[in-house]
Amino acid sequence: MAKGPFSGGLTVRDAAKLLGLTTALVRAYVRAGFLEPTRGPRGEHRFSLQDLVLLRTAKEISAHVPARRVRRALARLRAQLPSGRPLTGVRITAVGEDVVVRDGSAAWEPESGQGVLDFDVAELADKVAPLVRRAAAAARDAEDDLTAEEWFQVAFDLEPHEPDQARDAYRRALELDPDHVDAHVNLGRLLHEAGHAEAAATHYRAALTLRPKDATAAFNLGVALEDLGRTSAAAAAYERALAADASSADAHFNLARLLERAGRKAAAIRHLEAYRRLVRR
């Protein structure tokens with residue numbers, strides 16, 4: 001029996017059902033520019049977990065604020081969701097009229113939310129999990145036909161609930177395209193979380209060879225090197241991350257710790273002050 005083209009991500013119908021929206025409204029949000037989902041092999045929209053976060057936020061605030069402000073809020077939200085780390089640790093709430101994205105101790109404030117938001121991204125991940133597993137099974141059935149980018153999407157979707165399978169999918173993506181930078185970064189993170197810091201560092205270095213100004217790869221390399229006890233090399237990695245993105249609060253904080261430990265107190269204070277300025281914004 002001939003196999004059809006593989007499609008990763010959720011369909012419009014799946015996304016609408018999970019969020020309690022009509023398919024017409026989901027399409028309307030896409031047309032309004034609230035989000036930009038990927039396209040499947042037949043040109044249909046396909047939604048990731050990040051897209052669902054944006055859709056859920058749009059659903060909650062669009063009845064309270066003008067469309068142009070919704071679009072601006074979601075653009076800022078999309079830019080400020082954590083890069084290089086799972087979304088499942090994120091909680092989205094409202095403080096006064098600000099939508100607040102919380103990731104650990106850090107917080108950012110996209111536009112007005114009118115006090116109606118309060119949800120964990122993990123809620124959405126739990127609902128998405130059965131659909132992701134179904135897509136992963138379809139990927140294995142069609143594995144000879146999948147591209148590196150399709151394997152990457154499978155891996156990305158599997159991360160919250162099936163990290164072992166996600167690692168395997170990232171490896172398949174890299175077998176097909178050894179220069180897939182994001183696959184190196186994400187596989188490195190999953191390996192690090194599994195306790196394989198040396199292997200993780202190898203993938204972060206590969207990513208930086210391919211994309212020298214990748215702030216996420218440089219920061220994650222710093223964390224891996226710290227765990228391996230290579231503090232001087234870790235500090236250099238954090239400095240590289242900050243050269244690529246001076247607004248990385250976590251890089252300032254981690255570098256401040258290492259500089260203080262090395263007796264460079266003035267430099268440590270400078271980075272700690274930069275960290276405090278960033279988290280107070």
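All of the numbers you see were taken from the coordinates with simple rules; none came from a lab. Since this is a predicted model, take the numbers as computed values, not measurements. Cβ: placed from backbone, ideal geometry, glycine included. Neighbour counts: every protein chain shown.
Whole-Å semi-axes of the stretch 159-281's equivalent ellipsoid, largest first, each the root of 5 times a Cα gyration tensor eigenvalue?
Over the Cα atoms of the stretch 159-281, the semi-axes work out to 28, 14, 13 Å.
With the contact rule set at Cα under 8 Å and sequence spacing of 6 or more, what percent relative contact order holds for the stretch 129-280?
12 percent
What does the charge dipole of the stretch 129-280 about its Cα centre add up to, to the nearest 20 debye, if the Cβ of each Lys and Arg holds +1 and the Cβ of each Asp and Glu holds -1?
So the magnitude is around 1240 debye.
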